[in-house]
C-alpha cells in the first residue's frame, strides 16, 4: 500500500468515492464504533432488516429461496430471535477499485454476545450496499443497533489490477440497492 493503511483508506474514499457516506475517524461515544480504523473501516448496519421466520415452515433452499421465510422490519433496534438470523444492509455504499479486494469480519462487541456477522468478500469493481447476514447463536433474543457499527472491512491492494473483475463478469449482486435474497 505505500501509504499507512488508514491514510490509504482515506485517500481511496476521497479519490475513488470508495465508501459513501465516509466517516474519517472512529466514532465511538455511546455507540458501537464505526468509521476508519487502523487497517480497515468499521461499517454500520442500516435500519432495514429481513428477519428469518418459520411461520410458513418453508425449506431454506439457496437455489429457490422462499421470500416467505423472511419478515420485513424497520427500526432503531432489531431483535433477532434465539438461534435465528436476519439479513440487513450497510449504511455505506461501496465502489471497490479494480486493484482492491476486501474481507469483512464481525465486530468483537457483537461476537462476545454470540452474534456473528457473515459477509463474503467485496470483489474488485463490485459496488452497492452490502447485504449482511447477522446470526444470533444464543438461546436468547439478541438486539442489533441500527446506524451503529456491525463489522469491519479489511482492504487488500494487489500489486496490479485483476484480470477479470466482478463488473467484467456481470456479477449477480452488482449495484445492490437494498437487502437482496439469494440468487442463482
**Asked** Dividing the alpha-carbon radius of gyration of region 88-172 by 2.2 N^0.38 Å (N being the number of residues), what value is obtained?
**Response** 1.24
**Prompt:** Hey, fewest Cβ within 10 Å first, where do 116, 144 land in order?
**Reply:** 116, 144
**Message:** Could you tell me the ratio Rg/Rh of the chain? Both radii from Cα atoms, Rh via Kirkwood.
**Reply:** 0.98
**Message:** Angle check, please: helix 5-15 long axis (alpha carbons) against the longest principal axis of the chain (alpha carbons), in degrees 0 to 90, nearest 10.
**Reply:** 90
**Cβ-Cβ FRET estimate between residue 58 and residue 28, R0 fixed at 45 Å, reported to 0.05** = 0.70
**Request:** Please order 122, 52 by the number of other Cβ within 10 Å, starting at the fewest.
**Result:** 52, 122
**Asked** Counting alpha carbon pairs within less than 8 Å and at least 6 residues apart, what relative contact order, in whole percent, applies to region 34-184?
**Response** 32
**Item:** Stretch gain in nm, segment residue 120-residue 38, where the contour uses 0.36 nm per residue and the Cα spacing is subtracted
**Value:** 27.4 nm
**Prompt:** For labels at residue 181 and residue 73 in the simple 7 Å Cα→Cβ model, what's the distance in nm?
**Reply:** 1.8
**Asked** Along the Cα-to-C-beta direction of residue 168, a point sits 7 Å from the Cα; which residues of region 95-126 have their amide N less than 12 Å from that point?
**Response** 98-99, 124-125
**Request:** With a/c under 1.5 counting as rounded, go ahead and sort region 2-49 into rounded, prolate or oblate using the C-alpha gyration tensor (a ≥ b ≥ c being the square roots of the eigenvalues; past the cut-off, prolate if a/b is larger than b/c, else oblate).
**Result:** oblate
**Prompt:** Among 103, 115, 150, 164, which comes first, second and so on when ranked by fewest other beta-carbon atoms within 10 Å?
**Reply:** 164, 103, 115, 150
**Request:** Give me the distance between the Cα centres of region 123-182 and region 1-56, rounded to whole Å.
**Result:** 11
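Each reported figure results from applying straightforward, stated rules to the coordinates on display, with no laboratory input. The shown structure was predicted, so the numbers you read here are calculated from the model rather than taken from an experiment. Note that each Cβ is placed from the backbone with ideal geometry, even for glycine, and that neighbours are counted across all protein chains shown.
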